[in-house]
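Comments concern the structure below.
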Amino acid sequence: MAFFRSLAAAESVPTLAGDGVTLRTPQMADFPAWSALRDQSRGFLQPWEPTWPPDDTSRLAFRKRLKRYVRELESDQAYPFFVFGRDGALLGGVTVSQIRRGVSQTCSLGYWMGERHAGRGHMTAAVKALAPFVFDTLKLRRVEAACLPHNFASIRLLEKSGFKREGYAREYLCIDGRWQDHLLYALLRGDVVG
Ligand SMILES: CC(C)(COP(=O)(O)OP(=O)(O)OC[C@H]1O[C@@H](n2cnc3c(N)ncnc32)[C@H](O)[C@@H]1OP(=O)(O)O)[C@@H](O)C(=O)NCCC(=O)NCCS
């Protein structure tokens, strides 16, 4: 019963289309492409992400990850998307998370791209496609993002997507096993580019 309720929650999230990319909720059938891409990109991604658990790209861990996604979807806490290219290949992922309602109406944005797909404008297209979903469908007012001060690809992505730099937070997140300072960015509806 819970499983069917879960499927309904995941299927109620729309597929989003952007310039050469499609964003949709992760499914179990994505496991082979996801685990291969994450394994191939491990060295590229790890300096910018929380430390991966040893079994992170296993089928069991992916199943648990999907269950968590469904719980978060059902409770309006987070909306994860995988990003696919024109040919249907998995390119990366982007997640709207830490949704705070009430007087905040705010979320956080996280993203990653498979190493061989990076630097081709795909994440810029994905963030642009996500903006109407965040502001119009979810009716949030603010998207926050944090990145390491030396993550120049991430800084460029945020700034060319219209995010404004708002601050600097000391030891903000534990990334690659260390509590590290971060730049803080945010996007309001009026900041969206194009
Ligand atoms: C950050 C990331 C998601 C961006 O995805 P992407 O698909 O490569 O992004 P885009 O191609 O749309 O845009 C990246 C921009 O950064 C630029 N860029 C890339 N590396 C750069 C560098 N070392 N210095 C300066 N700019 C850089 C690209 O040229 C591009 O800008 P342009 O379109 O003006 O040329 C991807 O690089 C990634 O997954 N990195 C590793 C993990 C990570 O950093 N996650 C985010 C943690 S906050």
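Put simply, of 183, 173 the only residue that is assigned to a strand (DSSP E or B), more than 17 Å from the chain's Cα centre (by Cα) and within 13 Å of the ligand (Cβ to nearest atom) is 183. Among the numbered conditions (1) within 13 Å of the ligand (Cβ to nearest atom); (2) exposed (fewer than 13 other Cβ atoms within 10 Å of the Cβ), the only one that residue 164 does not meet is (1). Listed here are the helices (runs of 4 or more DSSP H) enclosed by the stretch 1-103 that have at least 3 residues being under 14 Å from the mean Cα position of the chain (by Cα): 59-74.
Only one residue in 184, 130, 188, 158 is free of Cβ contacts under 8 Å to residues at least 60 places away in the same chain and surrounded by 20 or more Cβ atoms within 10 Å (Cβ to Cβ), so which one is that? From the options 184, 130, 188, 158, the qualifying one is 158. One residue stands out among those in the stretch 167-177 that are over 16 Å from residue 108 (Cβ atoms) and touching a strand residue (DSSP E or B) at 6+ places or on another chain (Cβ under 9 Å): the one that is surrounded by the most Cβ atoms within 10 Å (Cβ to Cβ), which is 168.
Within the stretch 48-59, residues that are within 24 Å of residue 146 (Cα to Cα) reach partners that are outside any helix (DSSP H, G or I) and of a type in the set (D, E, K, R) with beta carbons closer than 9 Å, at six or more positions or on different chains, in the pairs 48/176; 49/176; 50/176; 51/176.
What are the residues in the stretch 105-147 that are more than 13 Å from residue 21 (Cβ to Cβ), within 14 Å of the ligand (Cβ to nearest atom) and over 16 Å from the mean Cα position of the chain (by Cα), if any? 116, 119, listed by residue number.
Of the residues making up the stretch 104-127, those that are buried (at least 20 other Cβ atoms within 10 Å of the Cβ) and either assigned to a loop (DSSP other than H, G, I, E, B) or at pLDDT below 95 (or both) number 1.
The values are calculated or read from the model by the stated rules, or taken from the named source; none is laboratory data. This one's a predicted model, so the numbers in the text were calculated from it and none came from an experiment. Every residue, glycine among them, receives a Cβ derived from its backbone with ideal geometry; neighbour counts consider all protein chains shown.
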